[in-house]
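J.: Here's a structure for you.
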Amino acid sequence: MEIKKIGVVGAGTMGHGIAQVAAQIGCEVVMRDIDQAFVDRGLKNIDKFLSKGVEKGKLDAAEKDAILGRIKGTTDLADLKDVDFVIEAVIEDLELKKKVFKELDELCRPEVILASNTSSMSLTEIAAATNRPDKVVGMHFFNPVPLMRLVEVIRAYFTSDETVQVTTDLAKKMGKVTVEVKKDSPGFIVNRIMIPHMIEAIKIVEEGIASIEDVDIAVKNGLNYPMGPFELMDLTGVDIAYFVTEYLYKELNKELKWVAPTLLKNMIKAGRLGRKTGGGWYDYSK
């Protein structure tokens, strides 16, 4: 089936980025969130990103307007009833994701694939909330979605080969590099590798071995990473790092290496969640 219309559930950092790249390949997009303020903010951020592209000469004003014209914002999930493919990008809350997938399963045509952008949670458990587990798949984008090239395509227990192929083809059409996660396992590939790095970085600061700034400088220049772990947490959300860490601890036999450092917990308590709140490991209030 040709995918002409894509539904995106969630208009936050990941959701609006996914909506943008879907619209850029010519698809009609319905981007839904629970509050009109969230929808408006998502559309504004897409406009802002595309405007920078116009300023840099990467696209012209007419192209920008055409992309924006293909994106419809809504607070009504029923507006996704006639889409050809759905990508869920709500917060990392398993019960909420299961609720959303149950509603999508009842709303969308039986042949429609339901993909989740979850960064670490069980696709098999999410799929169990539907009557189409063979058509549930992980489609994990990375932040910022328009710039980051990777998409992890994750199989749930019952995901069909056809579902994996359609999802992979769609991601490649969006200009992404894909990898297949053959077994539904917490953290998949990237977060399974990355979270221990973040935990150790926080412990180094906690123990007074080095400053946040110097840890980031060391990682960027010693390991040739484009961003340091603290810069990355601020970009993607300090709370997301915490939620993923807690989930991996629970799901991977409660091994000590997955225990969230006290400093990370205190950041959450202080509301220092990164760029989105004006401050995380670094201050962005200016």
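J.: When you go through (1) polar (S, T, N, Q); (2) surrounded by 23 or more Cβ atoms within 10 Å (Cβ to Cβ); (3) within 28 Å of Ala260 (Cα to Cα) one by one for Ser185, which number turns out not to apply?
T.: Result: Ser185 fails condition (2) only.
J.: Consider Ile3 carefully, then state whether it is surrounded by 14 or more Cβ atoms within 10 Å (Cβ to Cβ), of a type in the set (A, V, I, L, M, F, W, C), modelled with pLDDT of 95 or more and more than 16 Å from the chain's Cα centre (by Cα).
T.: yes
J.: Which numbered condition in (1) at pLDDT below 95; (2) over 21 Å from Tyr249 (Cα atoms); (3) buried (at least 22 other Cβ atoms within 10 Å of the Cβ) is the only one that Thr163 fails?
T.: If we test Thr163 against (1) at pLDDT below 95; (2) over 21 Å from Tyr249 (Cα atoms); (3) buried (at least 22 other Cβ atoms within 10 Å of the Cβ), just (1) comes out false.
J.: List the number of the failed condition for Ser51; all other conditions in (1) part of a loop (DSSP other than H, G, I, E, B); (2) surrounded by fewer than 22 Cβ atoms within 10 Å (Cβ to Cβ) hold.
T.: Against the list (1) part of a loop (DSSP other than H, G, I, E, B); (2) surrounded by fewer than 22 Cβ atoms within 10 Å (Cβ to Cβ), Ser51 comes up short only on (1).
J.: Limited to region 19-44, what total is found for residues that are buried (at least 19 other Cβ atoms within 10 Å of the Cβ) and outside any helix (DSSP H, G or I)?
T.: The total comes to 6.
J.: Quick check on region 57-84: of everything there that is β-branched (Val, Ile, Thr) and touching a helix residue (DSSP H, G or I) at 6+ places or on another chain (Cβ under 6 Å), which residue is nearest to Gly26 (Cα to Cα)?
T.: Ile67
J.: Also, quick follow-up: Within region 211-286, which helices (runs of 4 or more DSSP H) (wholly inside it) include 2 or more residues that are among the polar types (S, T, N, Q)? Break it down stepwise before answering.
T.: Working: elements: 212-222, 229-236, 238-251, 262-269.
Of the helices (runs of 4 or more DSSP H) lying wholly inside region 211-286, those with at least 2 residues that are among the polar types (S, T, N, Q) span 262-269.
J.: Please determine whether any residue of region 218-241 is of a type outside the set (Val, Ile, Thr), loosely packed, with under 15 Cβ neighbours inside 10 Å and under 30 Å from Ala156 (Cβ atoms).
T.: no
J.: Here is a further query. Is it true that Gly187 is more than 30 Å from Gly26 (Cβ to Cβ) and either of a type outside the set (Val, Ile, Thr) or in contact with a Gly (Cβ under 7 Å, 6 or more places away or on another chain) (or both)? Reasoning before the result, please.
T.: Details: more than 30 Å from Gly26 (Cβ to Cβ): yes; either of a type outside the set (Val, Ile, Thr) or in contact with a Gly (Cβ under 7 Å, 6 or more places away or on another chain) (or both): yes.
Taking the combined requirement at face value, the residue satisfies it.
J.: Any chance region 43-57 includes a residue that's of a type in the set (Phe, Trp, Tyr), closer than 27 Å to Asp234 by Cβ and free of Cβ contacts under 8 Å to residues at least 60 places away in the same chain?
T.: No, every residue in region 43-57 fails to be of a type in the set (Phe, Trp, Tyr), closer than 27 Å to Asp234 by Cβ and free of Cβ contacts under 8 Å to residues at least 60 places away in the same chain.
J.: Do we have any residue at all in region 242-258 that's buried (at least 18 other Cβ atoms within 10 Å of the Cβ), at pLDDT below 95, under 15 Å from Phe142 (Cα atoms) and out of contact with any Phe, Trp or Tyr (no Cβ under 7 Å at 6 or more places or on another chain)?
T.: Yes, region 242-258 has at least one match.
J.: When you scan region 238-246, do you find a residue that is of a type in the set (S, T, N, Q) and outside the structural domain of Ile195 (by TED's automatic domain parsing), even just one?
T.: Taking region 238-246 and keeping what is of a type in the set (S, T, N, Q), we get 245.
After this cut, where a residue has to be outside the structural domain of Ile195 (by TED's automatic domain parsing) as well, the list is none.
No; the residues of region 238-246 include none that is of a type in the set (S, T, N, Q) and outside the structural domain of Ile195 (by TED's automatic domain parsing).
The values are calculated or read from the model by the stated rules, or taken from the named source; none is laboratory data. On a predicted model such as this, the values are computed, not experimentally measured, just so you know. We place every Cβ from the backbone using ideal geometry, glycine too, and count neighbours over all the protein chains shown.
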